[in-house]
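For reference, the structure is listed below as structure tokens.
The values are calculated or read from the model by the stated rules, or taken from the named source; none is laboratory data. The model shown is predicted, which means the values in this text are computed figures rather than measured ones. Here Cβ is always computed from backbone atoms with ideal geometry, including for glycine, and neighbour counts include all displayed protein chains. Surface accessibility is based on the protein's heavy atoms, side chains included, excluding ligands, DNA and RNA. Shrake-Rupley method; radii C 1.70, N 1.55, O 1.52, S 1.80 Å.
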Amino acid sequence: MPYQSPLLELRGSIAAPDGHPEAGVPWHWGDPFAEQRTASRGAAVVDRSHRELIAVTGDERLSWLHLVISQHMTELPAGAATEALVLDSQGRVETHMAVAYDGETVWLDTDPGPLVTSALPSGGKQTLLQYLEAMKFWSKVDIRDVTADFALLTVLGPEAERVLSTVDVELTRDVVSLPGGGFARRMPWPGKSSVDLVVPRAELADWWGKVTDAGARPVGSWAFDALRVESLHARIGVDTDDRTIPHEVNWIGSAAHVAKGCYRGQETVSKVHNVGRPPRNMVLLHLDGSPEIAPETGDPVVLGERTVGRVGSVVQHHELGPIALALVKRSTTVGSELLAGAADRQVQAAIDPDSVPAEGAAPGREAAQRLRG
């Protein structure tokens, strides 16, 4: 049976439509644009309890993970947070995970679902847990799916850490253990002040109540996604396809290490980093919002008669209006007159010229004004 968060039973929560990537958790709480503003300027909390969580322990936990995921793990200090990928043999991204290390356990959390391209002999898709178990061999590690035991909440906004201090969560380092089990992890996205709380699943509603009582506004996955897109952070299987390599979606450095060897797909990572350029780039598109239509994930991006890319996440942003992430050919330049969407939902689109904005600047207002003016 599909997952349904107990927070969907709370007054004011609105569930995502059937088939939506965020099905199972609140999509919004009645005013998604006000929720985004609060998450940008104050403190907000979003239910992400549908994510899957794996715990890796054992004497060889770091050295073994160093060999099977893309991040440098052997010297990861206790209290560190990072990100990592699983790649296939051609260097294509199969999954993305957030990583936390408390000194004893390495925690890996991911979006629900199987890896993008790895197939089992039966024809089905391999999960992250199955991949890790298959790579275990004789290593001294213990791999456990603890999704049923723990759930994730994310506290957003410049007031996030102040709110958390009210409930006795002090981030003295990037990862701290919580009383009663679980941990808090400082994250670099979305926005600049995000903290994940991984709490015992049986206490999910209690933690939600504590954080909201401390001043965090309930917000839905709509607000989280809008800020994620603004932060130019890809979501696996939405902003990536079965050909995506890490260089195309800003995961070199943050999630894929270029100087270490010995992991699947490393040759492609090193080669493209040192002597080549990725065939595509992930860009932020500003969409013409005047028609009452919008492109959908997987739709083409067209320049003239040529398809030059694919649409990923499409969101309504409280300041930027309709925006989307898209993978486009590297030759596609800022200023190109693009159309995004299938034939019955095609709209004009402009590439944001500030894919990596200056510190403190909000991206893309000039591009949006040019498109709509």
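Could you tell me the calculated FRET efficiency between Thr297 and Phe137, based on Cβ-Cβ distance and R0 = 41 angstrom, to the nearest 0.05?
0.65
What whole-number distance in Å separates the alpha-carbon centres of the stretch 227-253 and the stretch 124-139?
That distance is 23 Å.
To the nearest 0.05, what FRET efficiency results for Arg306 and Ser89 with a Förster distance of 25 Å applied to their C-beta separation? Walk me through the numbers before you get to the answer.
Numbers: r = 30 Å, r/R0 = 1.21.
FRET efficiency, Arg306 to Ser89: 0.25.
Considering the dipole of the chain built from charges on the beta carbon (Lys and Arg +1, Asp and Glu -1) around the Cα centre, which of Trp222, Ile351, Pro32 is farthest to its positive end?
Most positive-ward Cα: Ile351.
Would you mind putting 266-277, 93-104 in packing order, based on average other-beta-carbon counts within 10 Å, highest first? Mind dumping the intermediate values first?
Details: 266-277: 14.5, 93-104: 21.6.
Taking the mean over residues of other Cβ atoms within 10 Å, the ranking is 93-104, 266-277.
Can you compute the charge dipole magnitude of the stretch 234-275 about its Cα centre, using +1 on each Lys and Arg Cβ and -1 on each Asp and Glu Cβ, nothing else charged? Give it in debye, rounded to the nearest 20.
180 debye
With +1 on each Lys and Arg Cβ and -1 on each Asp and Glu Cβ, how big is the dipole of the chain about its Cα centre, in debye rounded to the nearest 20?
Using Cβ point charges on Lys, Arg, Asp and Glu, the chain gives about 800 debye.
What pairs in Lys140/Lys192; Lys140/Lys210; Lys125/Lys329; Lys136/Lys210; Lys136/Lys271 have C-alpha atoms more than 32 Å from each other? Display every interim value, and only then the final one.
Numbers: Lys140/Lys192 37 Å; Lys140/Lys210 39 Å; Lys125/Lys329 28 Å; Lys136/Lys210 39 Å; Lys136/Lys271 27 Å.
Table pairs above 32 Å Cα-Cα are Lys140/Lys192; Lys140/Lys210; Lys136/Lys210.
Say the dipole of the stretch 164-297 comes from +1 at the beta carbon of Lys and Arg and -1 at that of Asp and Glu; which of Ser193, Pro291, Tyr263 then lies farthest toward its positive end?
Checking the options against the dipole of the stretch 164-297, the answer is Tyr263.
Counting Lys and Arg as +1 and Asp and Glu as -1, each charge on the Cβ, what is the dipole of the stretch 37-132 about the Cα centre in debye, to the nearest 20?
Computed charge dipole of the stretch 37-132: roughly 460 debye.
Sum up the charges of everything whose Cβ sits under 9 Å from the Cβ of His318, counting Lys and Arg as +1 and Asp and Glu as -1, but leave His318 out.
Local charge sum for His318: -1.
Can you pull out the trypsin sites (Lys or Arg not before Pro) in the stretch 1-109 that DSSP calls coil and that have at most 13 other Cβ atoms within 10 Å?
The qualifying sites are Arg11.
Under a 10 Å cutoff between Cα atoms, tell me which one of Gly237, Gly309, Gly12 has the largest fluctuation in the Gaussian network model of the chain.
With Cα springs under 10 Å in the chain, the top fluctuation among Gly237, Gly309, Gly12 is at Gly12.
How large is the accessible surface of Val334 in square angstrom, using a 1.4 angstrom probe and rounding to the nearest 10?
Rounded to the nearest 10, that gives 80 Å².
Using Cα springs under 10 Å in a Gaussian network model of the chain, which residue among Gly182, Gly42, Gly19 shows the largest mean-square fluctuation?
Greatest mean-square fluctuation among the candidates belongs to Gly19.
Placing +1 on the Cβ of each Lys and Arg and -1 on the Cβ of each Asp and Glu in the chain, which of Ser63, Ala81, Gln126 has its Cα farthest towards the positive end of the resulting dipole?
Going by the Cα projections, it comes out as Ser63.
What shape does the stretch 29-126 take by its C-alpha gyration tensor, where a ≥ b ≥ c are the square roots of the eigenvalues and a/c under 1.5 counts as rounded, a/b above b/c as prolate, and the rest as oblate?
Oblate, because a/c is 1.5 or more while a/b does not exceed b/c.
Does the stretch 77-213 classify as rounded, prolate or oblate by the C-alpha gyration tensor (a ≥ b ≥ c root eigenvalues; a/c under 1.5 gives rounded; else a/b over b/c gives prolate, otherwise oblate)?
The shape class here is prolate.
Taking a temperature of 20 °C and a viscosity of 1.002 mPa s, what whole-number D in µm²/s does Stokes-Einstein yield for the stretch 279-357 with Rh from Kirkwood over alpha carbon pairs? The partial results should precede the final answer.
Values: Rh = 12.2 Å.
Estimated via Stokes-Einstein, D reaches 176 µm²/s.
Using the Cβ atoms and a cut-off under 12 Å, what net charge is assigned to the surroundings of His20, where Lys and Arg are +1 and Asp and Glu are -1?
Values: positive: none; negative: Asp18, Glu22, Asp225, Glu296.
Computed value for this residue: -4.
When the chain is treated as a GNM, springs tying every alpha-carbon pair under 10 Å, which of Ala223, Ala84, Ala205 comes out with the largest mean-square fluctuation?
The residue that fluctuates most here is Ala205.
Given labels modelled 7 Å from the Cα in the Cβ direction, how far is it in nm from Thr212 to Val167?
Result: 1.1 nm between the two label points.
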